Amino acid sequence: PSIHFELTDGSLRTVPAKAGVSLMRHALDNGIPGIPADCGGDCACATCHVHVDPGWFSQLPETTQQESDLLDIVDDLCDVSRLSCQIVVTEDMDGLTVKIPEFYV
Ligand code: FES
């Protein structure tokens, strides 16, 4: 599947994604700016915060309690906020679009 990242300058970066790998890992491996992912994907830092395209948000697996607790600390929290390390890409996520928030924590 292909995943689209909308950067803070409004530009769009499309990356080839692999099922079974987190969205955060795809961002890091493709040099997407704005996702430091300080904790390495352990759901402990919130620096991998993204805003999911509203059309896609409801199609993603549910947010866990741990993720939603951590999301409470981010700036730019909105009703389509997720932690990208907690979204594991599946084949049916082709075209998934997420936006990098202006401030990640
Ligand atoms: Fe730390 Fe996602 S990388 S919470």
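Each value in this text was obtained by applying a stated rule to the coordinates, not by laboratory testing. Source: prediction; values computed, not measured. Positions of Cβ are backbone-derived with ideal geometry, glycine not excepted, and every protein chain shown enters the neighbour counts.
Quick rundown of the values:
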read-out: One residue from 23, 70, 60, 28 being surrounded by 15 or more Cβ atoms within 10 Å (Cβ to Cβ) and either away from the ligand (no atom under 12 Å from the Cβ) or of a type in the set (S, T, N, Q) (or both); value: 60
read-out: Helices (runs of 4 or more DSSP H) within the chain that include 3 or more residues in contact (Cβ under 8 Å) with a residue 40 or more places away in the chain and not β-branched (Val, Ile, Thr); value: 23-29
read-out: Residues satisfying the stated conditions in segment 75-103, i.e. surrounded by fewer than 20 Cβ atoms within 10 Å (Cβ to Cβ), under 19 Å from residue 8 (Cβ atoms) and not polar (S, T, N, Q); value: 75, 76, 77, 78, 80, 101, 102, 103
read-out: Some residue of segment 20-27 being polar (S, T, N, Q), within 16 Å of residue 76 (Cβ to Cβ) and within 12 Å of the chain's Cα centre (by Cα); value: no
